1. Would you work out what percent of the accessible area of region 80-125, with all protein chains in place, is carbon or sulfur (probe 1.4 Å)?
2. Once you sort the root eigenvalues of the Cα gyration tensor of region 174-228 as a ≥ b ≥ c, which label holds: rounded (a/c under 1.5), prolate (a/b larger than b/c) or oblate (the other case)?
3. Computing the accessible area with a 1.4 Å probe over protein heavy atoms, can you report the carbon and sulfur percentage for region 240-292?
4. So which aspartates and glutamates can K4 reach, going by Cα to Cα under 15 Å and dropping same-chain residues fewer than 8 places off?
5. Whole percent per 5 Å bin, from 0 to the bin with the longest distance: what is P(r) over all C-alpha pairs of region 277-381?
6. Below 8 Å, C-alpha to C-alpha, sequence gap of six or more: please give me the relative contact order for region 63-199 in percent.
7. In whole Å, what is the distance between the alpha-carbon centres of region 132-196 and region 78-117?
8. Evaluate 2.2 N^0.38 Å with N set to the residue count of region 132-252, then give the Cα radius of gyration divided by it.
Amino acid sequence: MQFKDQLDFVRQHIKKNKLRVFMTILAATMGTAFLIVLASVGFGIHDTMRKEILDNRVVNEIEVYSEQMDESTVEKLKKRDHVKAVVYRQSMNLQSSTNLDGFEGNQQLIITDFKEEGKVGFALKEGRLPKSANEVVVGSHFAQNLIEPGEDPELPVTYDGELIGTQFTYQMGLYEEQDLFPEETAFTIVGIAKEPAKDWIQDANIYADESIIPSLNQIYQANVEEPDGQLFYGNVKMYADKLENVKTVSNALKEEGYSVYSIADQLEQIDVFFLAFKAGLVFVGTIAILIASIGIFNTMTMAVTERTREIGVMKAIGASPKLIQRLFLMESAWIGILGTVIAVILSYGISYIANLVLPMIVSAALSEEDLGGMNVTFSIIPWQLVLIASAISITVAMVSGWRPARKATKIDVIQALRQEL
């Protein structure tokens with residue numbers, strides 16, 4: 001019997017029991033669709049978590065901590081292999097005061113190396129990076145933190161003028177004393193930093209080049225008789241040249257005694273967790289397919305019973321047991337394949353509707369318009385999930401039909417031919 005004839009044979013017998021086959025396909029479809037949709041929730045949450053972590057973060061960034069951190073250590077870090085840039089940001093443990101056209105604030109001054117900042121793309125909303133000691137970049141919320149003195153504290157008047165090219169004064173002093181140091185440092189704003197991605201984060205800092213450090217040190221030493229400790233403290237962020245080198249650089253720093261944190265470490269932990277989570281969802285979904293396989297087994301068992309005489313005739317005219325087994329396996333495989341195809345189409349439709357409707361429902365329940373600024377994806381169906389679900393569904397269908405198919409090959413020819421039509 002040619003393959004085309006085998007297909008015709010299977011098709012004819014399926015047409016004889018349309019309702020029973022339809023219900024079996026429906027069960028297979030529901031089981032497979034349940035597996036895909038359930039596992040897609042794991043993929044959706046995983047994708048949302050990764051995007052939330054990576055949002056406004058540089059994936060090749062490595063934070064380095066050491067009690068002995070200073071300029072010489074930073075220079076050594078810059079010479080390491082696979083390092084693109086080393087940004088050393090320093091701050092002062094002093095109170096501060098800024099004054100711009102009569103508006104006052106207490107923004108923090110951060111000292112950094114803009115040559116290194118430029119290598120990693122210090123994001124500006126407008127303007128440029130400083131080129132001299134008294135040029136600075138201010139945070140996007142700098143103006144909102146400049147308040148006109150004497151106004152109602154509950155309804156403060158903030159600065160709303162132009163910032164680029166504007167000059168302001170900066171004073172510092174000890175926290176233990178009420179008065180600030182008399183010396184004022186004049187800064188010119190040449191750039192405004194890009195707004196943080198998170199709405200609840202405010203950036204009102206002042207970013208100055210490290211060339212201003214000698215002037216600030218001179219003011220500090222002139223006003224403090226016995227300096228207690230270092231004036232500046234800072235943190236170091238290293239940037240690997242490639243994402244795949246982040247782990248190499250991090251491990252090398254850890255071996256040398258540095259405390260290291262990178263977003264790659266956090267992503268690795270999250271990926272391991274969600275791998276186990278998604279595997280668990282696939283396992284639960286597979287149970288639904290196994291339940292559907294009971295229907296396939298019953299359908300194929302009844303098909304063998306109903307065709308006992310037909311199987312006897314086929315054996316009598318020379319059909320081999322392998323051919324008979326193949327015909328019944330083809331029928332069970334056809335049920336599994338058709339159920340899988342319908343399930344995949346149905347799953348994509350459910351996933352689309354879920355991503356469209358669920359955010360509205362959740363935001364309405366939380367009384368928020370945009371889920372607190374989070375871009376949540378509830379369901380994602382990657383092609384790998386479709387392949388896994390399809391393989392499980394078709395394999396289960398084949399296994400369910402194997403026992404009835406084996407039973408068909410063992411039917412006695414004489415007894416089969418004696419069976420009444």
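The values are calculated or read from the model by the stated rules, or taken from the named source; none is laboratory data. Because the structure is predicted, anything quoted here is derived from the model rather than measured. Here Cβ is always computed from backbone atoms with ideal geometry, including for glycine, and neighbour counts include all displayed protein chains. SASA here: full protein model, heavy atoms, side chains in, ligands and nucleic acids out. Shrake-Rupley method; radii C 1.70, N 1.55, O 1.52, S 1.80 Å.
1. So the carbon and sulfur contribution to the accessible surface is 37 percent.
2. prolate
3. 66 percent
4. Counting by Cα, and skipping residues close in sequence, K4 has these aspartates and glutamates nearby: E331.
5. Taking all Cα pairs of region 277-381, the binned fractions are 2, 9, 12, 14, 12, 11, 9, 7, 7, 5, 4, 3, 2, 2, 1 percent.
6. Relative contact order here is 28 percent.
7. Rounded to whole Å, the Cα centres lie 14 Å apart.
8. The reported ratio for this selection is 1.36.
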